[in-house]
Structure formats: structure tokens, C-alpha cells
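Taking it in order: structure first as C-alpha cells, then the write-up.
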Amino acid sequence: MSSYLVRPATVRDAKAIARVHATAAQAAYRDLLAPDQLSGPSLEERQAHWREAIEYSEPQVQVAVSGDEMVGFVGFDRSRDKGTPSTTGEIWALYVLPDHWNQGAGTALWDAANDGLKEEGCTKVTAWVPVRNERALQFFEHVGFKREMTSLKTVSVGKLKLEEIRLKRELA
């Protein structure tokens, strides 16, 4: 049983989601990116992005709360990959504040996304993860995802090129 409350995000959560996103991404990518590439979008740009996502439910967003603090979020919806069946969902984003890593928040968020995707009629789910992000790969494998070795692709993140791999699992 998780000590984290997971609930649907509201528009008022956008600022806290942006803060979690920026903080967790900087910690997660510290060893993958050069210092000048870690800044990413501004907090205001992230807030606007997540406000719009929540307003339009694209993706659906759930947040993990501990006490009064938002500690993580997950965005999920149908797969964005071309040619996938409508029964395939995707984890678009899953971030947890570093102080809450390995404490159950990520698993609680995954459980909420799993339930939400099943309610949408999905039977499978995917997630794209940078190949060098061992923490994320280990998390997704811990909750039952398997790497699709033939799915490797290179994506642009600003001026940087990152190699990503798709992970996949059946929804249970």
C-alpha cells in the first residue's frame, strides 16, 4: 500500500507539475546532458504546457501527493506512434522529485496510469526512454515493461541528439 495519494490533476496543479518536471528532469538527466543543456524550457513554458494538457486531457495527467506536497506526476494517453492500434496506450511522461525516488511514488503513479489506460480500452502500453537513462529503464522494467530492441530511434532535444528505446507491456 502506497503512502502517496494519486489523483487527477487540475489546472491549479500546473505550476507544481512544472516545478516537479523541471526538478526531476534536471536530476534524471544530469549524467546524460551537458550543464548548458539541462535547463530546458522555462518554468513558465512548462506551466503553460501542463495547463493546456490538463485542460484538454491530452495527455491525461495524474499527480502524486504526500501531505501538502506534490511529489510526482504521470501523463498518459493513446500511443503517439504511427500505425499502432487504438488499444495501445503510452506513458508520455512520468516524473518524481528526487527526494521521493525509490519510495513508491513512481509505482503509485504507474498504477493510476495502468487503471486509466484500461478504462480507455487499452490492452498494451509503451514508454519511450533514453537508452542511457538507467534509472528510468530500471523503473519501467521493475513494473513489468520489456525493451523492444528493434525500436531504437534518435530524437532531437534542443541541439542534442538522444537515442531512445521503446518499452512495452500488457496491461494487467
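Bear in mind these aren't lab numbers, they're just calculated from the coordinates by the rules spelled out. The structure displayed is predicted, hence computed values, not measured ones. Every residue, glycine among them, receives a Cβ derived from its backbone with ideal geometry; neighbour counts consider all protein chains shown.
For a footprinting-style exposure proxy, rank Asp68, Asp115, Asp13 by other Cβ within 10 Å, fewest first.
Numbers: Asp68 5, Asp115 13, Asp13 21.
Ascending number of Cβ neighbours within 10 Å: Asp68, Asp115, Asp13.
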Using 0.36 nm per residue of separation minus the Cα-Cα distance, give me the extension gain between Ala172 and Leu43 in nm, one decimal.
42.9 nm
Short to long, in 5 Å steps from zero, the percent of alpha-carbon pairs of the chain per bin is 1, 9, 17, 22, 22, 18, 9, 2, 0
With a 10 Å Cβ neighbour count serving as the proxy for reagent exposure, in which order, fewest first, do Lys161, Lys15 appear?
Lys161, Lys15
